[in-house]
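To start, the structure itself, in structure tokens.
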């Protein structure tokens, strides 16, 4: 008797195209479209594009909200506080000197890290199909746009 191979039972609809989380976050950190990796993710400093100019992926429903700011606060706070404490142990100085050194560094570090972190959060949302990023089939072509559907 020959055993027949059966297809696995899937629940919740058709099998979806894989969206690797790590790759999507990396593309977002680099300021690129999480789907194709070629299009720009931001049209201004913190304003994402509505759709990718290369692949047509609709990105206007991203909801990064406050998460990037919280991540920046945690990272910058830990790095700068460690630096401050180590510096204060080695070179004791007045609080005004520390304020003159560490306050501008905090602002600079926050400005440098906020855009890549926001891009990474958008990439994570896209990979996990959050906030409307999963409401369409990745393989279909939208005849109105002439490219991949969004």
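The values are calculated or read from the model by the stated rules, or taken from the named source; none is laboratory data. All values derive from a computational prediction rather than experimental measurement. Heads up, the Cβs are rebuilt from the backbone with ideal geometry, glycines too, and the neighbour counts pull from every protein chain shown.
Couple of notes before you dig in:
- Test: residue in region 132-141 that is modelled with pLDDT under 95 and either surrounded by 17 or more Cβ atoms within 10 Å (Cβ to Cβ) or outside any loop (DSSP other than H, G, I, E, B) (or both): yes
- Test: residue in region 13-20 that is under 14 Å from the mean Cα position of the chain (by Cα), surrounded by fewer than 16 Cβ atoms within 10 Å (Cβ to Cβ) and modelled with pLDDT under 95: yes
- Residue 93 meets the stated requirement of being more than 28 Å from residue 19 (Cβ to Cβ), assigned to a loop (DSSP other than H, G, I, E, B) and at pLDDT below 95.
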